[in-house]
Structures are given as structure tokens and as C-alpha cells.
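One structure below.
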Amino acid sequence: MKFYLRMVSLLIPVIVIGLLQSCNNEPPTDLAKESIIPKPVSVVATGESFSLTGATVIYVEGANEALMNVANQLSSGLSAITGFAPKVESTTGSPKEGNIYLVMGGADSKIGAEGYDLNITEDLVTLKANEAAGVYMGAQTLLQIVPAARAYAPNDRYRIAAGSVIDYPNYSWRGSMLDVARHFFTVEEVKRYIDMISYYKFNVLHLHLSDDQGWRIEIKSWPNLTAHGGSTEVGGGEGGFYTQEQYKDIVAYAASRYITVIPEIDLPGHINSALASYAELNSGIQVPFEGRFKGPVQTQGILDGKQKPTELYTGIEVGFSTLSLKKPSTFKFINDVIRELAEITPGPYLHIGGDEAHVTKKEDYIEFINRFTEIVKANNKKMIGWEEIAQANIDDNAIAQHWASEEYAQEAASKGAKIIMSPSKKVYLDMQYDSTSRLGLHWAAYIEVDDSYNWDPATRVEGIERNQIMGVESPLWSETIATMDDIEYLLFPRIIGVAEIGWTPVENRNWDEYKVRLANHGPKMKAKGIDFYRSSRVPWVD
Ligand code: TNX
């Protein structure tokens, strides 16, 4: 007993010192020191601070619906940090002190649609932009600078450093791709994915909706694609698919976060799930194939002179399947799929895949891509394909996504196509961090957090200039990942650096400065329940 008393009396000073220290923790007053990611174009601190309290209201200038929606999201974002959700009200004219004021219109035209002007004084937080998208982006900045609760006096608890931020993106395409084909992820999981990337100002979510292992989007005129082709996944799990209503729900959820969904149906290769669903899509020709992983692969086909569907495939080999140019049903299938997909996709783009068609004859491949170009155009969409589409007759109506071959990327650019930069050695976030990573592949590289940050889209491929590049996108292929935790482990923290590559001009980026800001996002990720990889190259703060 005596021993315990002695221990307690020894502990009391420790507790008191701890409390005193946390009270000494000064509220933030230097806006320039805040760890905003992506790093803004300009931050000027005034040395003052604004106090967010339970009485703070978010006032929205006018009754604009889009802006009210942004305000409501800002309110719930603030409440996740502070525990109180500011009321949202519309107003005309600048509100009284102690409040937040959102304004659309009248900002500098040079900041464009996604830029914002955030001005914080002791009295008022004013967030102004040309479009609601810009107000949304500015709201993410604001959410990043509200400190998590510390031991301040109640009214000082959520002080925000004052000053002004003027900010706009370097690239208009800041994308993240999720492969829902190798492993299926539910609508709720995709929504969480959207929440996580929108906080870092991504504006594109590319969904890889079909592959050898699974067909994930309902096509009403070809129901077996999902009924059978969607019924499994890598490793033999039960797979799944989105009904068209569920897909529209994802698209709308993304749109309210200023993210455009890019649906991809991978053609003419990566197509086993369709070949397994419909006998008439099979050519009956067997093509010898040696894959990347040299694992057992089924060749497509048919046997006994009869058309038969292939077996479902649950391995991870790539490049062994193809549609057949000569089969009459092939283009009925493609036309139906693209038409239905275009009908449920409000965004301007459709991605037709086009990668790794290793068992498609070159002349057939070219003919396929040429015909996809026409079909996508007839559906009033712009075609995106992986860089191999450079071999076809593409022009400035097409967009090519660079992943592995500089030659194809250069050829696409020389034909006038715009380029999305997804170099696999830098931003393939399905690559392991190092040889000990519990998930991921490593055929392209091991990619540590600094490796994926240290590169510049505009100088990555010789001969492809800044003005030919739409931006950056990091794919997350899902051969080795099956759960949300798995997604988070490979995505974070590398995806945060990709956000900065897309938003912040290269001359304002520097790993040694960035890694300190990133370290300060550790507690933010924790608060969001994100299971990130604690790279030893980042000086985490806790
Ligand atoms: C290559 S990148 C692929 C995918 C795989 C990925 C695995 C590309 C266009 N094709 O089919 O999932 O590697 O890292």
C-alpha cells in the first residue's frame, strides 16, 4: 500500500507539469506556418487569430444552392474537429464579427474556377471564389488549419491563425484511380475514398470498372456481365457490382465534392469476365501467352469447334484475353456498353482501357481503337485510353494516359492527344513501399513516400511539354488489396504527395519542407481513422 501511495505522490508532479505544458501551448497565430497540403500559391500571415466558437455561423451570400451545399459540408467538417456544427444561413452583405462568410463571384479571374481567396481576420473568415468549386477547395484549406482541440480556455479552443491565402491549381486534372474489378469495393467504401481524396483537392475519380476478374457495372442489355461476370474476384471471393442506380449515386456524391467520375471499361483486352459471361463473344482461337507473373492462365476459347464461354478467372496475370474483331456480336456488345455507360455518366469522358492487349493482333488492335474513337464520339464523349492507343489514328480529340512506355506517350502527344501522367515507377500506388510492405506488387518499382513525391509531370517524358499535359493521376490497382484498411495502407501517405504534384507548381515544391507538413498530417489522418503507412522517411509528430 505504502508503495502505491509513494508511486501516486511521485506521479502527481508529472501530471501537473503535463497539464501546465498543454496550457502553455499557444494558439496558432502564424498562418504561414500551417501545414496546408497541397501548398497554396500564396499565404500571408497577419499574426492575429480568429476564434471559432459554438456561436459561429456560416453565412452564404445569396441563396445559391451549390454554395449552400458547400457550406453544409464545411459545417459537418468543422463539427468533426470541434464537436459543434456551425449553423448555415444565407445572407446579403457582410455578416457580423465572429462568423464565416462564403461568397461566389467577384474573385480575381486569374484564379479560375477552382481557385479561392481566403481572408481571415480577428473578426471574420471570408472565403471567396469565382465558382462553387473554388469555395469547396478553399473550405478544404480552412478545415486543415482548424487545430484539433487542445487545452485552451473554452472560448479560445479553436483559434485559427489569421491572414490571407490566394490559391489555384497548376493542373486541371488531379486524379486518383481505384480498381474495383480485381477486388470489388462497395458504394460506402467508394464514398469514403472520395471523402479522403477530396480533402486534398483531387477533382477526378477514375473507376476501373471491368477486367479479367470481374465486371462491376450493370449493363441492362447484357445482364449476364454482372450476374455471372461480376460474381467473383481475385482469390475467389464473391465479387459484386454496382447497379446503374448505385453508380449514379457515386457519381452524384463525387460531383457534390467537385470530383468528376471517369468510368473505364477495359477493351479489347482485360476482357475475360465478359468472355466468361457470353459464349458468342469468344473467337475460339487460342493464342500462346506468357504473362508478367508467369502464373497459370487460361487462354480464352473454345473447344470442340463450338463457342463456349471461358471460365471465370481469379488469378492476377494480365494480358491474356481479347475480344475478336470478326465476331458479329463484338460491336453490338461494345456499342451497347458504351451507350449505356454514356447515359449514366454526366461527365465528358469515357475511358476505353486499351492497355496490355498482348493477344490481340496489332492490326486488329488499331482497328479496335479507331472504331472506339468513333463510337465514343457518337455518344458525345471524349475518349481516354492508356498510352498504347497511340498506335491508332488518334488526334487531339483523344487523351492518352502514360504509364510505362515513353515512346507511346510521345507518339500520342505528337498526334495531338493530351496526356495524363501516371508513371508507374512514381505513382502506381499498388507498388510496395519496400520489400517488407505487407501488400502490393513491385514489378514497376518499390516506391517510398519521397520517391512518389520527387518528380515533375512537365519534365518526366522528354518531348512532352507542359501545355500537352492535363495533369497527374495515381492508379491503385487492387490485385493485392481487398479491404478499406488495405486501400488506406497503400494510398496513404503517398496520395497526399500526388495531390501536391497536381496542384502546386514544381518551383514551390521541396521534399525536405514537404515532409514536415506531411508529418503534421499524421494526427489528421488518425482523426479520420486512416490506416496509413508510417514511413521512416517522414518525421511524424506523434
Ligand atoms: C498493369 S497499368 C496494368 C494493370 C495491372 C497493374 C498492376 C495498366 C494500364 N495495366 O492491369 O493491374 O499493372 O500493377
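Please work out which one of (1) buried (at least 24 other Cβ atoms within 10 Å of the Cβ); (2) within 14 Å of the ligand (Cβ to nearest atom); (3) hydrophobic (A, V, I, L, M, F, W, C) is the condition A398 fails and give its number. Unmet condition: (2). Counting residues in the range 336-346 that are surrounded by fewer than 24 Cβ atoms within 10 Å (Cβ to Cβ), assigned to a loop (DSSP other than H, G, I, E, B), in contact (Cβ under 8 Å) with a residue 60 or more places away in the chain and within 14 Å of the ligand (Cβ to nearest atom) gives zero.
With a requirement of 2 or more residues that are within 19 Å of the chain's Cα centre (by Cα), the helices (runs of 4 or more DSSP H) lying completely within the range 434-529 that satisfy it span 449-453, 484-491, 494-503, 522-527. For the range 215-232, check the following and say yes or no: at least one residue is within 16 Å of the ligand (Cβ to nearest atom) and either at pLDDT below 95 or touching a Phe, Trp or Tyr at 6+ places or on another chain (Cβ under 8 Å) (or both). There is at least one residue in the range 215-232 that is within 16 Å of the ligand (Cβ to nearest atom) and either at pLDDT below 95 or touching a Phe, Trp or Tyr at 6+ places or on another chain (Cβ under 8 Å) (or both). For the range 305-334: of the residues being surrounded by fewer than 17 Cβ atoms within 10 Å (Cβ to Cβ) and within 17 Å of T226 (Cα to Cα), which is farthest from the ligand (Cβ to nearest atom)? Once the filter is applied, the top-ranked residue is E311.
The values are calculated or read from the model by the stated rules, or taken from the named source; none is laboratory data. Everything quoted here is computed from the prediction, not taken from an experiment. Please note: Cβ atoms are built from the backbone with ideal geometry, for glycine as well, and neighbour counts cover all protein chains shown.
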